[in-house]
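Below you'll find the structure, written out as structure tokens, and then a few comments.
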Amino acid sequence: MYDLGYFRHNLDTIALRLADRGFALDVDAFRSLDAARRAALTESEQLKAQRNAESQEIGKLKKAGQDTAARQGAVREMGERITALETNANELDEQFKLMLAGVPNTPHPSVPTGKSADANMEVRRWGTPPAFSFEPKAHWDLGPGLGILDFDRAAKITGARFVVYMGLGAKLERALINFMLDVHTTQHGYTEVLPPFVINSASLYGTGQLPKFEVDLFKLQGTDYYLAPTAEVPVTNLHRDEILDLDKLPLKYCAYTPCFRSEAGSYGRDVRGIIRQHQFQKVELVKFARPENSYEELESLTRDAEDILQRLGLPYRTVVLCTGDVGASSAKTYDIEVWLPGQNGFKEISSCSNFEGYQARRASIRAKSGGAKSSKDKPDFVHTLNGSGLAVGRTWLAIVENYQQADGSVVVPEALRPYMGVEVIRAAG
């Protein structure tokens, strides 16, 4: 969401910047609405001035004993016209805001210009993909072979794009969640949050999923509740409609949640295995930052997510998304992509984004020195940031594929052994 005044006065500039991300801003439609609104307000103000002058004249005439009935009737008609004009102006303003809610964020000047993921730029790489003396398998073969993944029973219980983790597979998922939360809270300075997994429409509007991306959400029938698509939504909305203490920023939170997505528009993509599921687990990092420091905070948040992969010994690369690939609410995004031997390529495991004031305006999250109780200064919108730290299922499959052995077993990364209690995952029996 944009500042209304800034948006109204900078339509052409914003349209040019949005064109870089492939979004055509309907400048004429916004200008037409704004012109009609301003015309209604101008006429209303003129009528108010005329009514005030006429009321004063009526007062003089009454003192002089003259009949003012006709003129009073005309003043009443002016009042009715003023009310109608103000109602119309408010309706036009709401139409303007509704249209504005569907306009994506403008990309940061450092974001490379491009139309698709092909224009994304690699900024760094860590680790070396493992060299195998055998043909490495994908996790959808390794998991069932070890008895730690069951796709068939998940399909029976629910349907396609769900999975059952079994035995040490379930323990590995749980171990990863605990490991990530422990690192982020004890090493990176985040406060752990366990939020509701069911959220309302106001929360989804605040982070930008509504109204534009409703098709990708699971809604609970007959309610205003949705299943959370990511912990970004409930955690960012912790401070919706609040004034934070500027001196205490940044606030840093991490949260584990299951995530639920319909994956609308992804038909045919990553249909095998657990890369793209309707339900998956994730540990999310969320920050509320001062605007002047938010890009430093983006770099540190991205490094915090990368650190998990380094501790697990998983090769990865980090890319900055181009204007045509960055998410609608984001001003700048880094994707961290882990190496998957079974697919012989990199796959995104975390997106780390700075939304600047876009989400904060929608959710009314502001800050000033001393917080809400302080009389100092005027509160300003904070910058919000978030990133996966990490997507647990994709980390799970990255471990299984990168640490696989010729006999089909999987070595447990050293960092996870205290959580797992075993060094190798082998087939039962």
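The values are calculated or read from the model by the stated rules, or taken from the named source; none is laboratory data. Here the structure is a predicted model, which means the values were calculated and not measured. Cβ placement follows ideal geometry from the backbone for every residue including glycine, while neighbour counts extend to all protein chains displayed. To get the accessible areas, we keep the full protein, side chains included, count just its heavy atoms, and leave off ligands, DNA and RNA. Shrake-Rupley method; radii C 1.70, N 1.55, O 1.52, S 1.80 Å.
Using DSSP to define loop residues, name the GluC sites (Glu not before Pro) in segment 357-429 whose beta-carbon has at most 16 other beta-carbon atoms within 10 Å.
E423
May I ask you to give the percent of accessible area on segment 289-429 that is carbon plus sulfur, with a probe radius of 1.4 Å?
Carbon-and-sulfur percentage of accessible area, whole number: 42.
Using unit Cβ charges (K, R positive; D, E negative) and no other charged atoms, how large, in debye to the nearest 20, is the dipole of the chain about its Cα centre?
620 debye
If I stretch the segment between K97 and D182 completely, what's the gain in nm (0.36 nm per residue apart, minus their alpha carbon distance), one decimal?
26.4 nm
Could you work out the relative contact order of segment 219-346, using alpha carbon pairs under 8 angstrom and six or more residues apart, expressed as a whole percent?
Computed value for segment 219-346: 19 percent relative contact order.
In Å, what is the Rg of the alpha-carbon atoms in the chain, and how long is Dmax?
27.8, 110
Need the list of aspartates and glutamates near K63 for cross-linking: C-alpha distance under 16 angstrom, and skip anything on the same chain fewer than eight residues off.
Reachable aspartates and glutamates: E54.
How large is the translational diffusion coefficient of segment 43-138 in µm² per second when you combine the Kirkwood radius over alpha carbon pairs with Stokes-Einstein at 20 °C and 1.002 mPa s?
104 µm²/s
Per the Kirkwood formula on distinct C-alpha pairs, the Rh of segment 114-220 is how many angstrom?
The answer is 18.8 Å.
Report the charge-dipole magnitude of segment 361-429 in Debye, nearest 20, computed about the Cα centre from +1 at each Lys and Arg Cβ and -1 at each Asp and Glu Cβ.
The calculation lands at about 860 debye.
Picking from I308, P258, L98, whose Cα lies most toward the positive end of the charge dipole for the chain (charges on Cβ: Lys, Arg +1; Asp, Glu -1)?
Most positive-ward Cα: L98.
Mind checking segment 28-134 for chymotrypsin sites (Phe, Trp or Tyr not before Pro) that DSSP puts in a loop (not H, G, I, E or B) and that have at most 16 other Cβ atoms within 10 Å?
For chymotrypsin sites (Phe, Trp or Tyr not before Pro) across segment 28-134 that sit outside H, G, I, E and B with at most 16 neighbouring Cβ atoms in 10 Å, the list reads F132, F134.
Could you tell me the center-to-center distance, by alpha carbons, between segment 326-349 and segment 1-65 in angstrom?
Their Cα centres are 44 Å away from one another.
Pick from Q405, Q56, Q343 the residue whose mean-square fluctuation is largest in a GNM of the chain, springs joining Cα atoms under 10 Å.
It is Q56.
How big is segment 260-364 along each principal axis, measuring the range of its Cα positions in Å and listing the largest first?
Result for segment 260-364: principal-axis Cα extents of 42, 33, 26 Å.
Taking only Cα atoms and a 10 Å spring cutoff, compute GNM fluctuations for the chain and point out the largest among V233, V338, V164.
Maximum fluctuation in the GNM of the chain, among the listed residues, is at V164.
Along its three principal axes, how long is segment 98-143 when you only count alpha carbons? Whole Å, largest extent first please.
56, 26, 17
Would you mind computing Rg(Cα) / (2.2 N^0.38 Å) for segment 1-79, counting N as its residues?
1.89
What trypsin sites (Lys or Arg not before Pro) does segment 266-334 have in DSSP loop regions with at most 12 other beta carbons within 10 Å?
Hits after loop and neighbour filter: R269.
Note the full-extension length gain between T113 and V411 as 0.36 nm times their separation in residues minus their Cα-Cα distance, in nm to one decimal.
Net length gain for the segment: 103.1 nm.
Hey, what did segment 170-259 get for relative contact order, percent, Cα under 8 Å, at least 6 apart?
39 percent
Rolling a 1.4 Å sphere over the protein heavy atoms, what is the accessible area per residue of the chain, to the nearest Å²?
Solvent-accessible surface per residue comes out at 47 Å².
Heavy atoms only, 1.4 Å probe, whole protein assembly: order W396, W140 by accessible area, highest first.
Sorted by accessible area, descending: W140, W396.
Quick one: pull the percent of accessible area on segment 88-133 belonging to carbon and sulfur, 1.4 Å probe, ligands and nucleic acids left out.
The computed percentage sits at 52.
When the chain is treated as a GNM, springs tying every alpha-carbon pair under 10 Å, which of K63, K376, K248 comes out with the largest mean-square fluctuation?
For the chain, modelled as a Gaussian network with Cα springs under 10 Å, the answer is K63.
Treat every Asp and Glu Cβ in segment 1-155 as -1 and every Lys and Arg Cβ as +1, leave all other atoms uncharged, and give the resulting dipole magnitude about the Cα centre to the nearest 20 debye.
My answer is approximately 620 debye.
Quick one: if you stick a label point 7 Å off each Cα along the C-beta vector at E80 and T128, how many nm between them?
Simple spin-label model gives 8.7 nm for this pair.
Pairs of Cα atoms under 8 Å, at least six residues apart: use those to get the relative contact order of segment 215-265, whole percent.
54 percent
Starting from the Cα coordinates of segment 170-324, work out the convex hull volume and express it per residue in Å³.
Here the figure is 158 Å³ per residue.
Got a sec? What order do K212, K378, K252 fall in by accessible area at 1.4 Å, biggest, i.e. largest, first?
Per-residue accessible area, sorted high to low, gives K378, K212, K252.
What ranking of L41, L85 comes out by heavy-atom accessible area, probe 1.4 Å, highest first?
L41, L85
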